[in-house]
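Below is one structure, written out as structure tokens; comments come after it.
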Amino acid sequence: LFMHGHGPTCCMSTWGRFWAPMLRRGYHLLAFDAPGFGRSEGATCQTIAWREWDADLVLMLLRAFGTRGQGRVTVFGQCMGGAMFLRALQKSTDTFAAKHVLHNCTIGSWPQHLPDILRNKGGGIVSFWWCDPDHMREANVYREFTTLMAKSPELCTFVDLQRDRELPAFFSFARVPEPRLARGEDAVVLGYCPQAVHDLVAFATSPPRVPRSRGADAAPKKTMLQLGLENKDFKVFIRLRPPLAREAGTEMCCFVHDVEDPRGRQVQQILLQRPDMEACKLPSEFVFERVFRPEATQDEVWAALRASLDVVGALLEGVGATVFAYGQTGSGKTHTIDGDGSGIIARVVRDLYGRLVPGQQVGCQYVQLYNEDFLDLFAPPAKVSQDGRGCLVGAKTLKLATPD
């Protein structure tokens, strides 16, 4: 399956140099000119953002050709075509083969289970990046592929074409001066050199690795609370956000139950199940200190946090304390932490000032960690370092008289 990006020079022939060698390897070829992205959109130089149903479109197309659920589809995806593939892969992992090739793949929400999917298939991805105004090195995909290659090189080879390869011997864009192929004046063909095409085809058509038994390295099936092991200094809370407007009518996949841990304490269980998705047909259950349902208020979250782990009390005793919000884009992190003054930050500050004794003062530093660099947001663009104890050095400190 060949899928292209959304630029005015992209079209179904973008991967054209790979057609003949894949055909000679015995593959059937399907080049998908996705509606809204390629020549089929119609208007010159007009691009359309991705649609939430694009993965369903890909899977319906593959079903029409009789390949859905057979684990036979190898993908060559460029730009938004790569994103369509990754979203479809998450929805139907058993449709796709083990190995795939991507070029300037972009996607808003990174598929967190991609390493496990590739590992279970004994497969991998070779991904190339050509930096341009639409594909910068600051992109989440660039960072995630770089991290994946560093952690699991057997699963991912990520190549920055302008940094890692001698050009133009390895790569140069090929132009087809035929305006009817694409919306622009000509069509772009990804110009990998013959040796690169040969190597990529050999990779894509090679047999998958035999998935190794992970043994002790396997992902845990139970939380520490389920095992009866409580960490009094570390607590995990889960907060479920309400459904978005575009999710109205979608079947609920998270269910919360009040349970007891092995030590008899009242905790909460979250049950995850989506019968309509291959990867989530069987339920998974996890127990955490607290699981907040979608209707939970900011007051409830703060009360539970304060009762379970006294962050401010630890600070006043000279103990480092952290409240860390983690989740994908749109999951409600900012609302929980900030919430226009109703979130955890404001409540921690008010709690702190309410416990000060006469003579005590509060100093504040405001630092952002970005791409492994600490930036001082009180004195941008100054950077801040760390000492041997992990403490920040050189950050501007403001003395604050009131919580406001």
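The values are calculated or read from the model by the stated rules, or taken from the named source; none is laboratory data. Because the structure is a prediction, the values reported are computed rather than measured. Neighbour counts run over all protein chains shown; Cβ positions are idealised from the backbone, glycine included. Remember, those area values only see protein heavy atoms, side chains included, never the ligands or the DNA or RNA. Shrake-Rupley method; radii C 1.70, N 1.55, O 1.52, S 1.80 Å.
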**OP:** Could you tally the net charge around Arg163, taking each other residue with its Cβ under 15 Å from the Cβ of Arg163, Lys/Arg +1 and Asp/Glu -1?
**Re:** -2
Subject >> the chain: most fluctuating residue of Val189, Val311, Val75 per GNM, C-alpha cutoff 10 Å >> reply: Val311
Original post:
Where does each of 125-131, 162-168 land if you order them by average Cβ count within 10 Å, highest first?
Top reply: 125-131, 162-168
**OP:** Using Cα positions and a limit of under 21 Å, work out the lysines in reach of Lys235, with same-chain residues fewer than 8 apart set aside.
**Re:** Lys221, Lys222, Lys333
Original post:
Quick one: length gained pulling Cys391 to Glu372 fully straight, 0.36 nm per residue minus the C-alpha distance?
Top reply: 5.4 nm
Subject >> Length gained when the stretch Lys91-Lys222 is fully extended (0.36 nm per residue, less Cα-Cα span) >> reply: 44.7 nm
**OP:** Take the Cα coordinates of segment 146-245, assign each an equal point scatterer, and use the Debye formula without solvent to give log10 I(q)/I(0) at q = 0.15, 0.22 Å⁻¹.
**Re:** -0.93, -1.26
Original post:
If r is the Cβ-Cβ distance from Arg137 to Tyr326 and R0 is 25 Å, what FRET efficiency results, to the nearest 0.05?
Top reply: 0.60
Original post:
For segment 288-404, what's the radius of gyration and Dmax over Cα atoms, in angstrom?
Top reply: 15.8, 44
Original post:
Within the accessible area of segment 257-404, what % is carbon and sulfur when the probe is 1.4 Å and the other protein chains stay in place?
Top reply: 53
Subject >> Net charge contributed by nearby residues that have their C-beta within less than 14 Å of His257 (K/R +1, D/E -1) >> reply: -2
Original post:
Using a probe of 1.4 angstrom, how much of the accessible area of segment 89-166 is carbon and sulfur, in percent?
Top reply: 50
**OP:** Can you tell me how much longer the chain between Asp199 and Asp299 gets when fully stretched, taken as 0.36 nm per residue apart minus their C-alpha distance, in nm with one decimal?
**Re:** 30.2 nm
**OP:** Determine the per residue accessible area of the chain with all protein chains present and a 1.4 angstrom probe, expressed in square angstrom.
**Re:** 57
